[in-house]
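Below is one structure; the comments refer to it alone.
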Amino acid sequence: MKKTLTVLSWLLAVPFYLMAQQINLEQIVVTPYRYPQAAGQTCGSLTVIGQEDIENGNPVTVLDSLRVVPGIVVRDWYGNSAKASIDIRGFGEQAAMNSVVLIDSRRINEVDLSGVDWSQIPLSQVERIEVIRGGSGAVLYGDNAVSGVVNIITKKGRGKPKLSYKSQYGSYNFDSEELSLSGSLEKLSYQLTGSRIHTHGYRNNSYLKSYDFGSKLEYAFGPDWNLRFDSGFHKADFGLPGNLSGTDLEVFDRTHSKYGDDYVKEKDYYFTLGLDKDFGQWGESSVDLSFRNRDAYSYFLGANAGWNPILKSYIETFSLTSKHAFKQPFFGHDNSLIAGIDIYQYDYSADTYNLSDQLQDFNDINKTTYAAYFQNEFSIFEKLKLIGGYRREKVSYDFDYHDNSGTYPDIDRKSDFYQKAYNSGLVYSHTEQSKVFLNISRSFRTPATDEYFTWGSLNLDLKPQVSDNFEIGTEQKFNDNFQAGLSLFRMDLENELYYNPTGGPFAFGANENYNKTRRDGIEFSFDAKFFSWLELYGNYTYLKATFRGDSYAGNTIPMVPRNKVLIGMRWLPLESLKIDLSTNCIDEKFYINDQANRYDRIGAYQTINLSLSYSRDNWKFLAGVNNLASREYSEYGVRNATTGAYNLYPNPTRNFIVKVNYEF
């Protein structure tokens, strides 16, 4: 803690720059209400990362861009984004299962524990990223939206045809290229993008090879109809270097891999067909039909010590989502209502093979969700709005498991859940760019498909977790040169899903429910322009995540840092030249599996990033340095709950990036 206070004091004395901008409250966003609305009228904590933020900084992936958001901690296991997660408001090991990630409002969370593959989202396709922090998004987005929602809005073709070429080069033989074509005709808009990424990675066997293609087409037929077609293809091959134990780090350097032969190959593609209809005074309707297929081949020769090292998994996702937004005065007051239905069908299959490629067991699970929701926004007065919404969701599982060896019995079972979410609050916009809000909500998450299985047995005693959330906050623009935001929140959870390292029938570990947990937090951000050429801004997050009652009462939840600070400077010595300097400080936290808080923590760390961007005519150049001071740190670590032995996943030291963009 003394180190943290020293870092905080230094940061306050020597302000560096944060890359993400304070939110423009006049900006139109879509995530908080599922229809366009001014950011200043949203009843909750909202951050928007714009295209300028992305282009003028060092981020290579969407994941990198999210590091600057208050209340978010990023954990990248291997430094290549292929195995990574974002933690919104302190969920530690289970963070990936407690937030929803969308692309153009299309859900991309997997039904199992594999999480989101952040390398499949080319940053150059992104127009902006909208982040809701807190559980207010659960009414509109349902399962998993416990701590927040991330909506990645991709670019739409506009105006005359544009052909753009981007190239990036960096440390560890990083090499990326992209070609995109965009534009619009009288009724048709189009955006086509192809890209590839190759890197050896910071560690041995942390290579990544990925190839992506995306399309976004819209056709307006008639004055009131709009047809949309989106598609994407992703192919990736990446290494799995594994962890390094304390003993390993005494013998080898941080780039070592003890699993030099482990890897994953995956293919992922999707199609979405959407139809919009404007009914004039009776509102607007949208219907989307989507299909996604993901195949993965995982080879765990080292990690599994040769025991059934091959896993072939398949996930097919069908979805049908419809909504109707209706804006009409109610008793002389402005009123907006959205109502909709979401249907998702997941077909999950995971098959294990031995070294001879002989099937050892198969696990097929179907998950189906049916949900109906509504949310209403009523203007009590011109500047005061009342928000209310409700969601009812049915979740059904169908399990089919067979072990060829006969060690474990066959399983053919079904299970159903009914869950609800609500969202209520008040937002007072006393000026066009200032607001105060109060939000009370309930969010939930159901178990992932592979959370049900422990050592060949099915645990149908697992319950969905529920979170009751309270938040109060404000966004204030004091003048054209200074604005700030503050949020205070509490999340009380029941039956939180977690991995108990000493649970299960043989005390070898199992997924279980913990009766009660709590998150208390404060998020503060500011943006100050001292001159037209100098800007300072940053944010601070305080988060206390604890177990309540039972065996770990009062203990801190592992992998959740108490403090996070981001602060920095942007300097424009010339109109076409920008210099960004930013620092990120993350407090110490307990290792995964140390729910007892018995052992030492993963140390606090600080990284400093520097970038110089220059624009001239159709050219854009950027040179950047990440982790300028070459700190040695780890974002992820695990302990043995019995012996205390620890394993770390080292993150990259100082590294460089160069970006070149030309628009024809």
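Observations on the structure shown:
- Enumerated strands (runs of 3 or more DSSP E) restricted to segment 507-601, each holding at least 3 residues that are under 19 Å from Gly92 (Cβ atoms) and among the acidic types (Asp, Glu): 510-531
- Residue match in segment 156-167 (condition: assigned to a loop (DSSP other than H, G, I, E, B), within 25 Å of the chain's Cα centre (by Cα) and under 22 Å from Ser322 (Cα atoms)): yes
- Checked against (1) in a loop (DSSP other than H, G, I, E, B); (2) more than 14 Å from the chain's Cα centre (by Cα); (3) surrounded by fewer than 23 Cβ atoms within 10 Å (Cβ to Cβ), Gly57 passes all but condition (3).
Yes/no matrix, rows are residues, columns are (1) β-branched (Val, Ile, Thr); (2) buried (at least 16 other Cβ atoms within 10 Å of the Cβ); (3) in a strand (DSSP E or B); (4) within 29 Å of the chain's Cα centre (by Cα):
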residue: Ala325; (1), (2), (3), (4): no, yes, yes, yes
residue: Ser336; (1), (2), (3), (4): no, yes, yes, yes
residue: Tyr346; (1), (2), (3), (4): no, yes, yes, yes
residue: Val395; (1), (2), (3), (4): yes, yes, yes, yes
residue: Arg413; (1), (2), (3), (4): no, no, yes, no
residue: Asp416; (1), (2), (3), (4): no, no, yes, yes
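- Boolean, Glu512 is charged (D, E, K, R) and surrounded by fewer than 22 Cβ atoms within 10 Å (Cβ to Cβ): yes
Listed here are the residues, each with its yes/no results for (1) in contact (Cβ under 8 Å) with a residue 24 or more places away in the chain; (2) among the polar types (S, T, N, Q); (3) surrounded by 18 or more Cβ atoms within 10 Å (Cβ to Cβ).
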{"position": "Trp571", "(1), (2), (3)": "yes, no, no"}
{"position": "Leu577", "(1), (2), (3)": "yes, no, no"}
{"position": "Gly603", "(1), (2), (3)": "yes, no, no"}
{"position": "Ala629", "(1), (2), (3)": "yes, no, no"}
{"position": "Glu635", "(1), (2), (3)": "yes, no, yes"}
{"position": "Thr643", "(1), (2), (3)": "no, yes, no"}
{"position": "Leu648", "(1), (2), (3)": "yes, no, yes"}
{"position": "Val660", "(1), (2), (3)": "yes, no, no"}
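- Taken over segment 605-627, the criterion of being farther than 30 Å from Asn661 by Cα and surrounded by fewer than 19 Cβ atoms within 10 Å (Cβ to Cβ) is satisfied by Gln606 alone.
- Test: residue in segment 112-130 that is touching a Phe, Trp or Tyr at 6+ places or on another chain (Cβ under 8 Å) and at pLDDT 90 or above: yes
- Lone unmet requirement of (1) modelled with pLDDT of 95 or more; (2) out of contact with any Ser or Thr (no Cβ under 9 Å at 6 or more places or on another chain) for Asn304: (1)
- Unique match (being among the basic types (Lys, Arg), under 30 Å from Asn205 (Cβ atoms) and in contact (Cβ under 8 Å) with a residue 24 or more places away in the chain) among Lys155, Lys166: Lys166
- Looking only at residues in segment 444-488 that are buried (at least 19 other Cβ atoms within 10 Å of the Cβ) and basic (Lys, Arg), the one that is nearest to Gly142 (Cα to Cα) is Arg445.
The values are calculated or read from the model by the stated rules, or taken from the named source; none is laboratory data. These numbers were taken from a predicted model, which means no experiment stands behind them. In this analysis, Cβ positions are derived from the backbone assuming ideal geometry, glycine residues included, and neighbour counts consider all displayed protein chains.
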